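Peer 1: My questions will all concern the structure given below.
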């Protein structure tokens with residue numbers, strides 16, 4: 001099953017980084033968040049990716065074109081020009097890098113990928129969010145529901161900690177809640193599954209996946225939500241990047257479900 005990753009947006013709320021690279025290429029540790037997302041899928045057996053490019057798509061192309069050589073040991077014979085790559089870090093991935101336009105909306109990007117996806121069920125997520133989600137459970141849930149689309153509903157961490165009062169009637173404080181994961185309401189966290197019928201709901205480049213396609217599917221009773229109660233975090237702002245970076249550097253990244 002193919003995994004589509006939307007990686008064409010401008011990422012304006014992370015302009016500290018995205019002035020020189022697309023948001024999916026902003027690094028957590030020494031790897032782009034796009035790589036982290038792909039590792040989540042590949043660790044669970046999904047290894048074919050279609051990446052929808054747009055803003056600074058050449059940066060993403062260059063990353064994958066150079067990935068094999070940069071992550072391998074290299075032998076070079078300067079007399080003959082012979083070059084050999086050996087050992088190193090090699091991923092069992094097949095990656096399609098497709099230009100879907102600079103200003104194309106999210107639904108339009110999906111429509112432009114139709115001939116690469118084919119007439120089959122496919123997965124789709126955004127290029128800026130990670131989670132310790134069980135992809136196979138998500139897929140099984142989708143199939144049981146029998147709908148055109150399934151989104152993963154998440155409750156993002158609260159931005160601020162909470163105060164615990166003694167009994168709700170006095171001003172005495174007995175503790176604090178430190179930014180709980182369930183601090184906000186349910187939102188679309190990506191990690192979606194679609195049947196090919198979804199293409200009938202996309203008109204052209206201007207179509208929004210969220211406000212046009214998903215909204216219409218919801219009205220027609222053809223959309224369902226897989227509730228993910230555990231870790232999820234997007235990288236929408238510099239603050240989000242710092243949170244993810246700290247988790248990774250301390251060896252406490254919940255989305256790291258792979259061994260290496």
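Peer 1: Looking at the chain, what % of its DSSP beta bridges pair antiparallel, to the nearest 5?
Peer 2: Antiparallel: roughly 50 percent of the beta bridges in the chain.
Peer 1: If each DSSP helix of 4+ residues adds -39,500 (n - 2.57) and the sum is divided by the residues in the chain, what number results at 222 nm, nearest 500 deg cm²/dmol?
Peer 2: Value at 222 nm, helices only, nearest 500: -7000 deg cm²/dmol.
Peer 1: According to a simple spin-label model (label point 7 Å from Cα along Cα-to-Cβ), what is the distance in nm between residue 58 and residue 250?
Peer 2: Calculated label separation equals 4.0 nm.
Peer 1: Go ahead and set up a Gaussian network model of the chain, Cα springs under 10 Å, then flag whichever of 198, 20, 74 fluctuates most.
Peer 2: Most flexible of the set in this elastic network: 74.
Peer 1: Among 17, 82, 27, which one shows the biggest mean-square fluctuation in a GNM of the chain, springs joining Cα atoms closer than 10 Å?
Peer 2: 82
Peer 1: If you don't mind, another one. Suppose each label sits 7 Å from its Cα in the direction of the beta carbon; what would the residue 115-residue 132 distance come out to in nanometres?
Peer 2: Output for this residue pair reads 4.3 nm.
Peer 1: For the range 2-249, what is the relative contact order in percent, using Cα pairs closer than 8 Å and at least 6 residues apart in sequence? Show your work: numbers first, answer last.
Peer 2: On the way: 447 pairs, mean separation 58.9, N = 248.
Taking the mean separation of contacting Cα pairs over the length of the range 2-249, I get 24 percent.
Peer 1: Now, a different point. Would you look at the GNM of the chain, springs on alpha carbons closer than 10 Å, and say which of 185, 101, 54 moves the most?
Peer 2: Maximum among the listed residues: 185.
Peer 1: Using a ≥ b ≥ c from the Cα gyration tensor of the range 1-74 (square roots of the eigenvalues), is it rounded, prolate or oblate, where a/c under 1.5 gives rounded and otherwise the larger of a/b and b/c decides, a/b for prolate?
Peer 2: Oblate.
Peer 1: How far apart, in nm, are the 7 Å Cα→Cβ label points at residue 144 and residue 91?
Peer 2: 3.1 nm
FYI, it's all coordinate maths here, none of it is from the lab. Predicted, not measured: the structure shown is a model, and the values here were computed from it. Ideal geometry is used to build each Cβ from the backbone, glycine not excepted, and the neighbour counts take in all protein chains shown.
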